[in-house]
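What follows is a single structure, written as structure tokens, with notes after it.
The values are calculated or read from the model by the stated rules, or taken from the named source; none is laboratory data. No experiment lies behind these values; they were computed from the predicted model shown. Backbone-built Cβ (ideal geometry, glycine too); neighbour counts: all protein chains shown. The area values use the complete protein model at the heavy-atom level, side chains included, leaving out ligands, DNA and RNA. Shrake-Rupley method; radii C 1.70, N 1.55, O 1.52, S 1.80 Å.
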Amino acid sequence: MRELFGTDGVRGTANVHPMTADMALRIGAAVGRYFRREAGGVHRVVIGKDTRLSGYMFENALTAGLTSTGMNVLLLGPVPTPAVGLMTRSMRADLGVMISASHNPAQDNGIKFFGPDGYKLSDQVEAEIEALIHVGVEPAQAMNIGRAKRIDDARFRYGERVKSSLPRDLRLDGLKVVIDCANGAAYRTAPETLWELGADVIPVGVAPDGHNINRDCGSTKPRAAAETVVAHGADVGICLDGDADRVILIDETGTIADGDQLMALLATRRAAEDQLAGGALVATVMSNLGLERHLQSQGLRLERTGVGDRYVVERMREGGYNLGGEQSGHIVMTDYATTGDGLMAGLHFLAEMVQSDTPASQLARQFEPVPQLLKNVRYGDGQRPLDLPTVKTAIADAESELTGKGRLLIRKSGTEPLIRVMAECEDPAILDRAVNSIVQAVTEAVAV
């Protein structure tokens, strides 16, 4: 049974179980033992992190655990999550580790894992690692302890890889771009890459201090970047999250566009060039019904998965698809990357602007979304509100009212103690009533 691992590795408040230095040490030892080959060869793991203060603590604890099992550790420093997937493969490592809580506030942190192929681990592998954490592992003999080494050019290698996904002759000359790095992992890489391609770069959220990651900036709070776009007369804004694996776009009017709109653009353009594998886009159950209808109008399919870019990638690999993502801004292009890559996706949007000579406001509005309402309710330790009769009744009533008019999705967050209530419906009165009735039932249940 998985207790430590959520939808994207292990995550929580720093210095509170399970995100403690002691647990990180045990996790490092267990995952090192799991991926270390029995005999011969070099056993190597790469570790990246974002800009949270607690990253130092977890980097050292994981390094200690990994080296204790004979793994050699290569420390990348602050780099985007997709850089870890890239470097794991390019450096022929047995394992990749990213220390980040993504879009969460600074007091949180997390640990994500990539296998030797650069893809995130499956549920089965995580369950096996978790079992090792509980029973403990035998350390390596004294002469076989691993070494640790800093890799100074990781972000430059990543930047070159991102640029190589674009047409070789493409330049961004004359394009004024606001880039919001959320005071996170891409605070140097993203502005540098845009500048190298010729853009006039206006950076936001590029002064991390260990505490300000995602604070009033980035993909989850793009208002500051939107105001900057308007104030500077910029052509477009690109908002990344703390570990830069997701992106939200802002057009020249300051209007915000989510991942669904970007996926719609990329899917239709790729299909027109006969480059959309399987004639389908893979997205989660959270993606808007308007996206599905738009794709159908183009003769394309939407393959839905559970929430989490890891599940999107798994479905892409199973079906041989090459484009997928989430409404929240994870955009996965497996022709170039093994996981969501916010900077890469943003650059492909800029490439479309340049090649089609079309403003961002037109490209970022591919379809009219069906009205969607999402609300979250926090619950306490040990509480199971979705199992209570009053909540079940509220859900059943809402589903009945939405039948034939929209859809309802209720789920527990995989990264926070939240119940997420989402519905879509053309009728705003029905939409509000459906969501609010369930939210009220859950709120009353957790207050008891």
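Out of curiosity, is Ile47 assigned to a strand (DSSP E or B) and surrounded by 22 or more Cβ atoms within 10 Å (Cβ to Cβ)? Walk me through it before giving the result.
On the way: assigned to a strand (DSSP E or B): yes; surrounded by 22 or more Cβ atoms within 10 Å (Cβ to Cβ): yes.
When the stated conditions are applied, Ile47 passes them.
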Selected residue [in contact with a Phe, Trp or Tyr (Cβ under 8 Å, 6 or more places away or on another chain) and modelled with pLDDT under 95] from Leu95, Leu121: Leu121
Looking at region 187-225, which of its residues are in contact with an Asp or Glu (Cβ under 8 Å, 6 or more places away or on another chain) and under 12 Å from Pro78 (Cβ atoms)? Ile213
Working only within region 81-90, note down all residues that are over 21 Å from Val206 (Cα atoms), touching a residue at least 60 places away in the same chain (Cβ under 8 Å) and either open to solvent by less than 10 Å² (accessible area, probe 1.4 Å) or in a loop (DSSP other than H, G, I, E, B) (or both). Gly85, Met87
Going through region 1-60 in order, the residues found to be under 24 Å from Asp381 (Cβ atoms), of a type in the set (Ser, Thr, Tyr) and over 22 Å from the mean Cα position of the chain (by Cα) are Thr20
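In region 368-397, what count of residues is obtained for those that are part of a helix (DSSP H, G or I) and touching a helix residue (DSSP H, G or I) at 6+ places or on another chain (Cβ under 8 Å)?
First, pick out the residues of region 368-397 that are part of a helix (DSSP H, G or I): 385-387, 389-397.
Keeping just the survivors that are touching a helix residue (DSSP H, G or I) at 6+ places or on another chain (Cβ under 8 Å) gives 385-386, 390-395, 397.
Result for region 368-397: 9.
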Inspect all residues belonging to region 267-282 and state whether any of them is under 24 Å from Arg171 (Cα atoms), buried (at least 24 other Cβ atoms within 10 Å of the Cβ) and touching a strand residue (DSSP E or B) at 6+ places or on another chain (Cβ under 6 Å). yes
Members of region 240-262 that are outside any strand (DSSP E or B) and in contact with a Ser or Thr (Cβ under 7 Å, 6 or more places away or on another chain): Asp241, Gly242, Asp243, Ala244, Asp245, Arg246, Asp251, Glu252, Thr253, Thr255, Gly259, Asp260
Within region 16-33, is there a residue that is more than 21 Å from Val125 (Cα to Cα), surrounded by 19 or more Cβ atoms within 10 Å (Cβ to Cβ) and not polar (S, T, N, Q)? no
Regarding region 60-80, can at least one residue be identified that is of a type in the set (Ser, Thr, Tyr) and either part of a loop (DSSP other than H, G, I, E, B) or touching a Cys at 6+ places or on another chain (Cβ under 8 Å) (or both)? yes
For region 376-385, check the following and say yes or no: at least one residue is within 23 Å of the chain's Cα centre (by Cα) and surrounded by 16 or more Cβ atoms within 10 Å (Cβ to Cβ). yes
For region 120-144 the number of residues that are assigned to a loop (DSSP other than H, G, I, E, B) and surrounded by fewer than 15 Cβ atoms within 10 Å (Cβ to Cβ) is 4
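Applying the selection to region 93-102, what residues are farther than 8 Å from Phe114 by Cβ and either of a type in the set (Ser, Thr, Tyr) or touching a Pro at 6+ places or on another chain (Cβ under 8 Å) (or both)? Steps first, please.
Quick first cut of region 93-102, residues farther than 8 Å from Phe114 by Cβ only: 93-94, 99-102.
Once the filter is applied, which keeps residues that are farther than 8 Å from Phe114 by Cβ and either of a type in the set (Ser, Thr, Tyr) or touching a Pro at 6+ places or on another chain (Cβ under 8 Å) (or both), region 93-102 yields Ala93, Asp94, Ser100, Ser102.
Given the structure, is Asp258 modelled with pLDDT of 95 or more, open to solvent by less than 60 Å² (accessible area, probe 1.4 Å), over 26 Å from Arg365 (Cβ atoms) and of a type in the set (D, E, K, R)?
In short, no.
Going by the conditions given, is Gly299 on the phi > 0 side of the Ramachandran plot and surrounded by fewer than 24 Cβ atoms within 10 Å (Cβ to Cβ)? Write out each step before concluding.
Details: on the phi > 0 side of the Ramachandran plot: yes; surrounded by fewer than 24 Cβ atoms within 10 Å (Cβ to Cβ): yes.
For Gly299, the condition - on the phi > 0 side of the Ramachandran plot and surrounded by fewer than 24 Cβ atoms within 10 Å (Cβ to Cβ) - is met.
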Hey, any hits in region 96-119 for a residue that's at negative phi, part of a helix (DSSP H, G or I) and open to solvent by 20 Å² or more (accessible area, probe 1.4 Å)? no
Return the residue satisfying two criteria in turn: it lies in region 162-213 and is hydroxyl-bearing (Ser, Thr, Tyr) and part of a loop (DSSP other than H, G, I, E, B), and of such residues it is surrounded by the fewest Cβ atoms within 10 Å (Cβ to Cβ). Ser165
Scanning region 398-448 residue by residue, those β-branched (Val, Ile, Thr), assigned to a helix (DSSP H, G or I) and in contact (Cβ under 8 Å) with a residue 40 or more places away in the chain turn out to be Val435, Ile438, Val439, Val442, Thr443, Val446
